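> Here it is: the structure, laid out below.
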Amino acid sequence: MFSRRIPLLFAATTLAACQSKSAAITNLPTTTVSRADIAVRVQATGTVTPIDPVDVKSRAQGMITSMTVDVGSVVKKGQEIVKIDPRDVQNQFDQAMADDVVSEATLVKAMREKAREDSLFAVHVVTASEHDSTRATYIGAQADLVSKRASLDLARQNLQDATVEAPLSGTIIARPVTQGQIITSALSANGGTLLMTIADLSRVRMQVTVDEVEMGNVRVGLPAIVQVDAFPDRAFNAVVEKVEPQAQVVQGVTFFPVQVSIDNKEGLLMPGMNGEVTIKAADLKNVVAVPIDAIRSTNELAAVSRMFAVPIDTLNNSIRPDLLAGEGTTGVPGRYAVVQTAPGQFEMRLVKTGPTDLKNVEVIDGLKEGDRVALLGAILTSRPAMPPKLTIAANMLRGAPVQSGTPASARKAAKP
């Protein structure tokens, strides 16, 4: 009989050991808070466009008789680029010139007649009526000369307009007309035939859209790097030129247009090229940092609830209302980390974070170098048999004063 009790005793001992092992407190994956360099970068894609392209039109109308440039041609300011058939405007100029000569001769004759009449009127040889008539003829000749000079200037301008010159130095990026085509004059801003478009391609622009969550890192004047598909091994220096205040909503996501000007003195970038902009938002050196997986906002409590077997309602009722989204005055959720205080014991702490490089995030307050924090993204999705113990820092508890720098020595356990 004694011999049969030994196997039973061994089996009972083995079962007790297995139960004790299964009830062991679950270990959480943790990492140590340390110092690191954080390079904050904002990336977006866009298309190269010219800066302030100029549409060239002609004030003259008629047939294009000469066109010395084509798309891609580099021109200088004042260079002749298009010649319009000048015969009509040349004839108008010649007629205006002849009218001016006749008008000037008429004025000279009227001036002499007036001088003679003045001398005769002084000795009472002519009547006052005759003298006034001569004076009126002289004044009329003066007015006619002014009118003919104005017409001559207008005819000269029309003749000059038959030759179209480049309004700026740059590159021809579009030329919708050809030699021999008849064009209309641009008598208004929206009228006339478009001859070509000129742009200075020594500086080009790329407009990108940045997600609203990253707009806090973007401001005018920040340096940037642009890479295009045509030159995958080349980086072009750029700078943030403008941040538009009006958002654009695309498929429920809010973006802000940002313009980046690019140095293109070598002329390698051409309008229409696709590329990626990397804005250098910040370069932080030797700052206290943790992986972004260790920081969560207070509206993300599901993983903590599962791992520590604490109902979410209990956590929400324990945390200050102003740290929970939708409550308090701001409705902005607080950010927290779960810090290991002893084997099997953890504490939820309020933290203040800075910029991030999407791998690590700067910790401004709430953690110190050497603390061990749980990697919340790696927490098991199912509840463990024996969860670790969780406490909440005093400055996060409901009823605690809303202030920074609250001592973290006081602890209170969150009861399930």
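The values are calculated or read from the model by the stated rules, or taken from the named source; none is laboratory data. Small disclaimer: the values here were computed from a predicted structure and weren't measured. Note: ideal-geometry Cβ built from the backbone for every residue, glycine included; neighbour counts use all protein chains shown.
> Quick one: what pairs do we get from region 83-103, first residue within 21 Å of Thr178 (Cβ to Cβ), second part of a helix (DSSP H, G or I) and of a type outside the set (Lys, Arg), C-beta under 8 Å, 6+ apart or different chains?
Between residues of region 83-103 that are within 21 Å of Thr178 (Cβ to Cβ) and residues that are part of a helix (DSSP H, G or I) and of a type outside the set (Lys, Arg), the close pairs are Ile84/Asp161; Pro86/Leu159.
> Something else about it: Within region 180-231, count every residue that is in contact with a Gly (Cβ under 6 Å, 6 or more places away or on another chain) and either over 21 Å from Val277 (Cβ atoms) or not in a loop (DSSP other than H, G, I, E, B) (or both).
11
> What do you reckon, is Lys83 at negative phi, loosely packed, with under 15 Cβ neighbours inside 10 Å and among the basic types (Lys, Arg)?
So Lys83 does not fit the description; no.
> Please find, among Pro223, Pro232, the residue that is surrounded by fewer than 16 Cβ atoms within 10 Å (Cβ to Cβ), at pLDDT 90 or above and more than 12 Å from the chain's Cα centre (by Cα).
Answer to the selection: Pro223.
> Still on this structure: Restricting to region 101-135, count the residues that are of a type in the set (Ser, Thr, Tyr) and either touching a strand residue (DSSP E or B) at 6+ places or on another chain (Cβ under 6 Å) or under 16 Å from Leu145 (Cα atoms) (or both).
2
> Among the residues of region 104-124, write down those that are touching an Asp or Glu at 6+ places or on another chain (Cβ under 9 Å), among the aliphatic types (A, V, I, L, M) and without any contact (Cβ under 8 Å) to a residue 24 or more places away in the chain.
Leu120
> I'm told Val249 meets every condition in (1) part of a strand (DSSP E or B); (2) surrounded by fewer than 18 Cβ atoms within 10 Å (Cβ to Cβ); (3) β-branched (Val, Ile, Thr); (4) in contact with a strand residue (DSSP E or B) (Cβ under 7 Å, 6 or more places away or on another chain) except one. Can you identify the failing condition by its number?
Among (1) part of a strand (DSSP E or B); (2) surrounded by fewer than 18 Cβ atoms within 10 Å (Cβ to Cβ); (3) β-branched (Val, Ile, Thr); (4) in contact with a strand residue (DSSP E or B) (Cβ under 7 Å, 6 or more places away or on another chain), the lone unmet condition for Val249 is (4).
> Across region 160-192, what is the total count of residues that are among the hydroxyl-bearing types (Ser, Thr, Tyr) and under 19 Å from Arg87 (Cα atoms)?
So the count comes out to 3.
> Mind telling me which of the residues Ala150, Ala136, Ala143, Ala122 ends up being at pLDDT below 90, among the aliphatic types (A, V, I, L, M) and outside the structural domain of Ala186 (by TED's automatic domain parsing)?
Unique residue meeting the criteria: Ala122.
> Still on this model: Take the residues in region 191-219 that are over 21 Å from Pro50 (Cα atoms) and of a type outside the set (D, E, K, R); name whichever of them is modelled with the lowest pLDDT.
My answer is Gly191.
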